[in-house]
Amino acid sequence: MATIQWYPGHMAKARRQVTEALTKVDIIYEIVDARVPESSRNPLLDEIGQGKKRLLVLNKADLANPAATQGFIEYYQAQGLPAVAIDAQHTKGIQRIIAETHTVLADYIDRQKTKGVRNVLLRAMCVGVPNVGKSTILNRLAGRNIAQTGNTPGVTRAQQWIKTGEDISLLDTPGILWPKFEDPLVGKKLALTGGIKDTLFHADDVALFALETLVAQVPDEVKHLYRVTDADLQQDLPDLLMTMTARLGFKDDYDRTSWVIINDVRKGKLGRFTWDAVPQHA
Ligand SMILES: Nc1nc2c(ncn2[C@@H]2O[C@H](COP(=O)(O)OP(=O)(O)OP(=O)(O)O)[C@@H](O)[C@H]2O)c(=O)[nH]1
């Protein structure tokens, strides 16, 4: 779905909607992008999700660095926050969400059984910033495509529970929170991974940010894809971007080169990268 620009009114509305929806569920699936697990979290969830069980889902793990993903999972688990890595696009790891839900809610399930409830139903909802894959996960858990009606003005629609084929029911409308804006570095990472509307940032800023890592980590791929040499890679990054633009035959159109780089990174053409550093933990 297209990412929108967030204004205070949107944010207040999103906060209200998510807070309200959370009262109905037993567990929150906090969906983040495995390439930027920290940058794609919204700290508001810590506030409005207090007291609710939570499972952190690092989606798009197919595009992230596997060692970093493992590092993040261990980091979150060490903090008492259960976390799983999945690739919803290719339906990988969905069972992990289901298994982990049972682990996280084990006490609740036991209590319900003690009360005599025979078929305990677990209620869940997906929450996260735009474009992290909430709808894809919902569809995979449901085993079919759930129509999304979006925010049509004047149209209010009751939220529905979606059966997953397991003992889990999901709210059919994911909770959308806004991305972090304050830190420019976080902004670049979100832009690079598709979490911020493309018209809201300068492509060259984001491409230069990406290039720094790409030149350091995958120089051969950079040389091959953008027709530059080892000597070219010694240049300052803005000069390198100019050289690439010339080699690609784009004249002075640095923006075009920048978009090629951004799109290549988004598609994983240069490899699997995680743009957030795994936090150190004791
Ligand atoms: N490579 C990859 N792409 C994914 C994965 N999950 C989702 N996508 C893609 O990411 C894009 C966004 O997915 P959505 O499910 O629409 O994300 P969303 O969080 O519901 O987005 P909003 O509606 O904007 O809040 C789509 O192009 C998906 O195909 C994944 O695990 N791996």
Filter segment 205-241 down to residues that are touching a residue at least 12 places away in the same chain (Cβ under 8 Å) and closer than 23 Å to Thr193 by Cα, then give me how many there are.
22
Could you check segment 3-29 and list, in sequence order, the residues that are among the aliphatic types (A, V, I, L, M) and either touching a residue at least 60 places away in the same chain (Cβ under 8 Å) or within 16 Å of the ligand (Cβ to nearest atom) (or both)?
Ile4, Met11, Ala14, Val18, Ala21, Leu22, Val25, Ile27, Ile28
Within segment 173-190, can one find any residue that is in contact (Cβ under 8 Å) with a residue 24 or more places away in the chain and closer than 18 Å to Leu270 by Cβ?
yes
Can you confirm whether Lys60 is basic (Lys, Arg), in the same structural domain as Asn139 (by TED's automatic domain parsing), within 15 Å of the ligand (Cβ to nearest atom) and within 12 Å of the chain's Cα centre (by Cα)?
yes
State yes or no: is Ile168 within 15 Å of the ligand (Cβ to nearest atom) and among the aliphatic types (A, V, I, L, M)?
no
So which residues in segment 44-90 are in contact (Cβ under 8 Å) with a residue 40 or more places away in the chain, outside any helix (DSSP H, G or I) and loosely packed, with under 14 Cβ neighbours inside 10 Å?
Gln79
Residues in segment 239-282 that are out of contact with any helix residue (DSSP H, G or I) (no Cβ under 7 Å at 6 or more places or on another chain), among the polar types (S, T, N, Q) and either closer than 14 Å to Phe209 by Cβ or not in a helix (DSSP H, G or I) (or both) total 1
Failed condition for Val117, given (1) crowded, with 24+ Cβ neighbours inside 10 Å; (2) not in a strand (DSSP E or B), with all others met?
(1)
Regarding Val120, is this residue β-branched (Val, Ile, Thr) and either more than 16 Å from the ligand (Cβ to nearest atom) or within 19 Å of Lys24 (Cβ to Cβ) (or both)?
yes
Select from segment 120-134 the residues that are surrounded by fewer than 19 Cβ atoms within 10 Å (Cβ to Cβ) and under 21 Å from Ile176 (Cα atoms) and list them in ascending order.
Arg123
Scan segment 84-112 for residues that are more than 15 Å from the ligand (Cβ to nearest atom) and touching a Leu at 6+ places or on another chain (Cβ under 7 Å) and jot them down.
Glu100, Thr101, Val104, Leu105
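The values are calculated or read from the model by the stated rules, or taken from the named source; none is laboratory data. For clarity, every value in this text was computed on a predicted model and none was experimentally measured. Every residue, glycine among them, receives a Cβ derived from its backbone with ideal geometry; neighbour counts consider all protein chains shown.
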